[in-house]
Structure formats: structure tokens, C-alpha cells
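Since every read-out is calculated from the coordinates, none of them should be taken as a lab result. Keep in mind that what you see is a predicted model, and the values were worked out from it rather than measured. For neighbour counting, all protein chains shown are included, and Cβ atoms are generated from backbone atoms with ideal geometry for every residue, glycine included.
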Amino acid sequence: MNKETIEIKFTDRSNVKSKLRKLQFDDYKTFQLTLNAFYIFTQIKKQPLSIISSIKSNKKIELFDHQILAALKVKNDFGGSAFLADEVGLGKTIEAGIILKEFLITGLAKSVLILTPPSLVYQWQDELLTKFSLDFIKQFDDDRFKDAGSHDLLIMSHSSAVFPNHKNLLKNRNWDVVIVDEAHSMKNSETKKHQLLKELPRKFTIFISATPIQNNLGELYNLIELLRPGIFGTLEQFKNKYTEDNQMRKLNTFFRDELQKILSQIIIRTTRQEVKKYIKFTDRIPYTKILTPSDNERKLYDEITEKVRENYTSGYSILHLMIIQRLISSSTDSSKIALYKMKQSKLISEDEYDHLYSLAKSIENDTKALELLKTIKEKTDSKFLIFTEFLSTQKYLLNFLEKNGFSVTIFNGKMNLIERNESVMRFKDNTKILISTSAGGEGQNFQFCNNVVNYDLPWNPMKVEQRVGRVHRIGQKNDVFIYNYVYKDTIDYYILELLYTKIKLFSMTLGDLDLLFEDITDEKSGLSLFKEYISSKNEIEAKNKFSALGENWNYKKEELNNAINKFNQEVFRNFKLSSLEKKIDWN
Amino acid sequence: MTGIENKVFELVLGYFSKINAKIIENNGLFTIVIPNEYEKLFGSELKITFDKKIFDQQECELMTPGSSTFYKIIKSCIDFGPATITKINSTTKVNDVLRFYFYIIFESVRTNTKLFVVDVDMKTRNIMNLDDIKLESINNETIELNIQSDSIDDYYISAIEHVEKLMKPEINEFKKLILNLKQNELDNINEEYKTRKSEIQKKSVIIQQKPNSSNSLNELILENESIKNDMRKAYDLLDSKYSITVDFALIAAAIIV
């Protein structure tokens, strides 16, 4: 141990020697430009934060003092590694972006790995590209991805990083910076994620989480061990010194100052209270319309649902059945697609198809669409961002709203980057309404709009949050209204009841949701809710099951909230960890 | 403008002039019409400024470290790696000199860089000290040089031997800084594992005093192995984190006649 060797290199990247040998000479101007460039490069490195002017003049970023101060602190006082633990909504990603850009520009870093929950991978890639001109490769859904060891700027989900093939490649190279978003998920030292981080060779580590611990101080110990190994000694020593009970839930107040001193060299935590003088936080106001469908809509839904229930145990692919159920919950036009799929897979006969299709055709307009129209007409000066899961529903709504005299733009995952940007610009500058599929909306920011419509409801709580998160973020000047339209006694109705009434989803943030649903992946959550619904003999049983599920989730949420509040009260109370604590003159 | 802002100004406009871009200035706002072969890099037209006030009022890009266009320019200039012929702006006659420009990069958890110039007398191969001379451009085509290809390597070796020798104190200083940082972390880790090992030892004494303790003892042996394993990993990580590289990068050369 304690190797003290220095690697000495004599590089000649641009083949200067070869040019000399071949007597190939450049003009004096080129020569001067090169020397000038290196002179500037040397000067840049001496600055506390060399990119300060470019960041402050970046019109794509709404920048706040605490973010710049945090970046300055990490680079100059923390030695490049830190735990960014600002409260929710204060732009921790921007802080990390500034740090990254600075490290890359000044040569402190060449390789960066970002580990994030799957739901945030796209957002990270998009924000770093659009706001910082940093082009990261993401591990899935990116044609440029080769393998986990081949890219210098890579984003991976926590869960993918621990796959054996990825893990080995990640461990076999030296990373300059490793960023871990929602780092609280590394709190358990027994997990593969934690183990991976323990073994990942790196110079600088940035942890990001608004909730560093949820249950006990042992979690904080485990996280800090990954950032500054050994700083608290062994877990036993930490427990004996800083906590008063076996569960490590109570802080030993006698050593509070000492703990604060150590944490203040590692953690930066700015609170909403501290920045409220320059950031306006807006509210989310949900409006849920429980509608009674027309007779034919009811009949169509019930008859198709009955067919799905009948086939639940008869060997049909559960995913196929779920897609059918989701299609009939979206719109009449998407129900027609569902019927076609059912006929193709022999779930219904030709006769049944003809009967149900003519029933669908008899529905002139969706009750939901008519209700939506009323809402839009009431708000003459506002823009609306309408989400649907399906292209067929998107097309239907486009025609319906245009026929009613509104200017509408669409946005979906089938569009290329240029088309997407054009859509966003059209919505921003010209049209009142944007209809987006969930896939299309990922990573886009629409702070200039403050009405979100869930025309159909994703069955995954994370997706609901991602939709709302497009408009409710730093930069939103108004309260955000969230409109939900569902028919009574349908699966969407039960899910909405569960998410909205029971766990008050719309008042939760992505960080909270990650904590509550950390074991639930995209597919799993929708599927498990669908199974609960479709395995019920009738709507009453379904209603009871969802009610019980709601109790469970609510209990889990309350437990979590209590633990977090208690921690914040006990541990962070009176701690001065804010970036604003130390004023630096960076002008 | 400050010194660095002046340099940025010179570099950006110098670069665009070199690639034959059309530069139109209007009260501090520069419109740059990019030639076809560079459109992939910059697009067909750029609007740039060096003045924050103009940037605040108009749609344009501020040229400053961190800006996307400035980054592309500085990167292109760094990649030129020019070799050139110049002359001394003086009447004092010296032998022809080969001047090497090194960019010395110290890399670890801290980073440092230094520009360094070494002059080699092309006749005697001795290191010279022409620090205070001013260079001037010269028409390359009028110069006839008689340089043996092999001798370039000899000049280069003389130069790097010299620069390496001169930089030794700075390398040692940098090494000391990094090793101090490493030692702080190492002390923490050593202390933690020392305590964990002594906890195991205490447990083993207690277990051995009890009858039928073989299972517990086996568990303890496994725990001990796991601690050793963890410690090895922690040391490896520390070695990689605090590894030091010093690169004497050759970035340009000038033959001074």
C-alpha cells in the first residue's frame, strides 16, 4: 500500500516532432494562436470558478446565488467531493452541472459517470446537453452506447450499473468524477449499489439527495463512508459517540457541534427558507373530475373489461391484456385500436368485434373531451399541456380541439429532435394547447404553461410526477393546476383515488416518490395495479382492494415522512450547512 | 478589458481570421460568416460579443471561458501543434536555435499547469537562455534549412532532460501536496480498520473461552477475512484516487534563425 510512484509522460499529441523532421512548417499566426490558447488555458485553471461569466450569462439557466456558492465551495473548499443535500426544488442538478462543467473545462476531469434512478436518466442527459452543452451518452435508448467502459461521459441508472457485465467494466477503469443522484438509495451497506460504489475507482464523488437519511444516523454513516472513508471511524465508534440509542435514531446533543463541524466539510444543505427572498415557490392545485360516462361509453368499457377478466387466467399474456385495458381507459378512438388487437389475438370473435366496434362508432364525442373543452374555454388566457399515453387519443384530441377553434400543437416520441424543438417553440410562441404523449414529454421543460391535463392516467406514480414536473419546476411563476378526467368505477378511477385521495400524490415531489416507490419499477407498478383490478370479480371487489392498497401506501408514506421530519429536526436543526453560510466575492 | 479578456478577444478574432471567416463588427456585436468547410463545427453564421452589456441586450453568444463556441476555438487552437520558423527581433547574431514549447500538466486530485520554453542551440546542442528575446514572423519560403531528421530527436532529448531537471523541485512539491492529502485519508482508514481488527480480536478471546465455540469462531474468521478484503479495496481506491501524472506535453516548436 501507499504507492508513491509518479507517472511521467512526454506526449506529442499533435506530432510537432514529426513536422520538424519533415520540415513541414505552419505560419506564424497559427503558432501565435496556439501559444495564446495555452496561455488562456493556464490562466483559467487559476480561477476559483473559471466558467462563472459563461454560467451567469447562460440564458437557458435560471441561476441563483446558492448554486454558484455551492459550486465554489465544492471546488475550492471541499477538494472536489461533496454531498449536495439542498432541500427539494433548489436546483441541485444545476449545482452538479456547474461543478461538472468547471472540472471538464479546467482539466480536473476528463471522465464522468452519473448514476441516477431510471426515471431521471433522460432528464439528466437533456439538462446537461441543453444547459451546459455537455453531451453524455446514456446506457439505454441511445444508439451511441457501446459498453459501460467505453465512454468518458456516461449516464447509467443505479440498477443497470450493478448488472455484472456493466459493473465489471465500470470498475475496470478510473473515473475522474462519479455523481450519484438520489444518493440516499446507497444508504444500505449490504446492497449491490453500495458495494459497487465502494469499489468504483474515482477521484471525486458528488452525492445528491434532499433526504440524506430517512430512518437513522447509521444511514448517514454509510453514505459518508463512501465519500470520506474512515472519517467517523467504525460504525460502532460513530454509534457510541454521536447517537444515544441502539437504533441510532437519537442524536447525542453533546457531540452535535463536533458532528456539524465534520458534516460542514462534506455536506452542503441550503433550505427553502434561506432562499425564499429570491425564489418564488408555487403550489400544485389538483382538480379531479369524476365523470359519469354516457350509456354507450359505459357499455363499451364494461363489455371489453369483462372480456379481459375472462381471459386473465386463460394463458393470455398479461402485458397484452394490460395494454388493452389501458387503451379502453384512454379514449373511444384508442378503444377501437384495442378491439382490433383483441380480434387479432382471438380474444373476441368476428361477431363480437363487429358488435363492439359499432358500439364505439356510435359514440360521437368522449364525455371526457367535452368536459376538457369546458375547462379550456373557461381559461381564455392560459396555455394547456395535455398528456395522453396513446397516439390514437392524441390524434382524436387534436381533431376535436381544432374543430372547436383552438390552436393545437402535438409532441410525441416518434418525432425527431428538430421536430420536437419546433413543437416546443410553436407551443411557446403561438398555440394555446400542446398534446403530448408521456414518451414525448420526458426531459422537456414547459415552465411558461401552468395547466397540466392528465387526459388518461399513467398507472405508474412516477410517470404522473414526470408529467407535472415538466411545468412545476424552478422558473414557474404561477401556481400549477393539474386536471384529471376519469370515469366513475373504472380502473383509472380507482388508481386516481389511490394516488390522489390516499397518498396525495400531487403534493409530493420526485424525491419523495422515489423514496416511497423505490422498489417499484415502471412496468411493475402498472402491472401490479392492473393485476389487482383484473383479478377482482367485479367493480366492488376492485374498489375494496384499491382501498386497502391505499391504506398500506399511506401508512408507508406517513412513516417515511415522520422519519424524515424527525431526522431534519434532530440532526439538521441548528446545523449550518448552507452554501449561503459563507459569502464569497465571486464577481 | 482585463488581461485575460484581451487574450480571449485576440484568440477568437485571430482564429476566425485564420479560417477566412468574414467578420463584421457593429458596436461591439460581431457577425461571423463561417466558410463552408467549418460549418459543421460552428454553423453558417455566428453572432458573438465580448461585452456583457451587449450580450444582455442582444441575441448573441458571450465569448468567455465555458461558452460553447469559445471552447471549440480553444480546442482547435490547442490541436494545431504548430512548428514554425521565426527570427529574432534583434541585431545580435546567434546560432540557429530550436525552441520547444512544453505544457506541463500535473494531474491528481489537484491539478496544475505550466508553460515552459527550452531553447537548444542547433549547432552545439547546448541549452540556451533566450528568455527575453522577441520573435518575429518570417517568410518560410525564403529560408533554406539544412536539418538532419535524426538530429530533431537529439535536440528534443536535450530539451526534456533540461526541463525535467528544472521541474524536479515543483514535481516534488506537487507530490508532497498530494501525499499529504492522501495521508489524511489514509490515517482515517487505518484507524477505522485498526479498531475493527481489535474488535474482532476481543470477540475471539471471548469466544475461545466458551465451550463448543467452533461455529462462532468460523464466523469470526470469515468476518476477519471480510475486513481484510474491505481494507485492500479501500487502499486500492486510495491509490487510484491519489495517483499522480506529470505530462511534459510538447505543444509547439519554433526554429529561430
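Key figures
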{"quantity": "Restraint check, A:K75/B:K114; A:K187/B:K175; A:K167/A:K198; A:K59/B:K53; A:K92/A:K203, Cα-Cα greater than 23 Å", "calculated": "A:K187/B:K175"}
{"quantity": "Residue-averaged 222 nm ellipticity for chain A, from DSSP H runs of 4+ at -39500 (n - 2.57), nearest 500", "calculated": "-14000 deg cm²/dmol"}
{"quantity": "P(r) weight above 16 Å for the range B:1-80, C-alpha pairs, percent", "calculated": "48 percent"}
{"quantity": "Inter-part distance where the range A:252-284 and the range A:388-431 are each reduced to a Cα centre, Å", "calculated": "42 Å"}
{"quantity": "Difference of contour (0.36 nm per residue) and Cα-Cα distance, B:S68 to B:D154", "calculated": "26.9 nm"}
{"quantity": "P(r), alpha carbons of the range A:124-193 - 10 Å bins starting at zero, rounded %", "calculated": "18, 51, 28, 3"}
{"quantity": "For a label point 7 Å along the Cα-to-beta-carbon line of A:F145, residues of the range A:180-207 with backbone N under 19 Å", "calculated": "A:180-182, A:193, A:196-197"}
{"quantity": "Simple spin-label estimate for B:N218 and B:N36 in nanometres, 7 Å along Cα-Cβ", "calculated": "7.9 nm"}
{"quantity": "Mean projection area, nm², convex hull over Cα of the range B:84-257", "calculated": "14.9 nm²"}
{"quantity": "Inter-probe distance in nm under a simple model that places probes 7 Å from Cα toward Cβ, at B:K134 and B:K114", "calculated": "2.8 nm"}
{"quantity": "Between helix A:417-429 and chain A: long-axis angle, C-alpha atoms, 0 to 90°, nearest 10", "calculated": "80 degrees"}
{"quantity": "Zone residues, the range A:88-117, relative to B:D56, backbone N less than 13 Å from point 7 Å out along Cα-to-Cβ", "calculated": "none"}
{"quantity": "Distance between the range B:154-180 and the range B:60-135 - C-alpha centres, whole angstrom", "calculated": "18 Å"}
{"quantity": "Chymotrypsin sites (Phe, Trp or Tyr not before Pro) within the range A:257-309, DSSP loop, no more than 16 other Cβ atoms inside 10 Å", "calculated": "A:Y278, A:F281"}
{"quantity": "Cβ-based charge dipole, chain B, positive-most Cα from B:V109, B:I200, B:N146", "calculated": "B:I200"}
{"quantity": "Loop-resident sites, the range B:19-121, for trypsin sites (Lys or Arg not before Pro), counting at most 14 other Cβ within 10 Å (DSSP)", "calculated": "B:K93"}
{"quantity": "Fewest-first ranking of A:E539, A:E297, using other Cβ atoms within 10 Å as the exposure measure", "calculated": "A:E539, A:E297"}
{"quantity": "Beta bridge orientation in the protein assembly as shown: antiparallel %, DSSP, nearest 5", "calculated": "40 percent"}
{"quantity": "Shielding by partners - mean other protein chain Cβ count within 10 Å, residues of B:99-111", "calculated": "4"}
{"quantity": "Dipole of the range B:84-257 [Lys/Arg +1, Asp/Glu -1 at C-beta], most positive-end residue of B:S137, B:V246, B:I160", "calculated": "B:V246"}
{"quantity": "Estimated dipole of the range B:1-80 in Debye, rounded to 20 [Cβ of Lys and Arg +1, of Asp and Glu -1, Cα centre]", "calculated": "140 debye"}
{"quantity": "Percentage relative contact order, chain B, counting C-alpha pairs under 8 Å, at least six apart", "calculated": "24 percent"}
{"quantity": "Viscosity 1.306 mPa s, temperature 10 °C, Stokes-Einstein D of the range B:102-205 from Kirkwood C-alpha radius, µm²/s", "calculated": "85 µm²/s"}
{"quantity": "At least 20 Å along the helix axis (C-alpha) and Kyte average at least 0.0, DSSP helices within chain B", "calculated": "B:3-18"}
{"quantity": "The range A:1-78 and the range A:295-370: distance between their alpha carbon centers, rounded to Å", "calculated": "61 Å"}
{"quantity": "Reciprocal of mean inverse Cα separation for the range A:153-277 (Kirkwood radius, Å)", "calculated": "15.9 Å"}
{"quantity": "Whole-Å semi-axes of the protein assembly as shown's equivalent ellipsoid (Cα gyration tensor)", "calculated": "56, 39, 24"}
{"quantity": "Sparsely packed GluC sites (Glu not before Pro) within the range B:1-104, loop by DSSP, other Cβ within 10 Å at most 11", "calculated": "B:E59"}
{"quantity": "Cα-based helix-to-principal-axis angle, A:318-330 vs chain A, degrees rounded to 10", "calculated": "70 degrees"}
{"quantity": "Pairwise label distance in nanometres, A:Y39 with A:T253, each label 7 Å out on the Cα-Cβ vector", "calculated": "6.2 nm"}
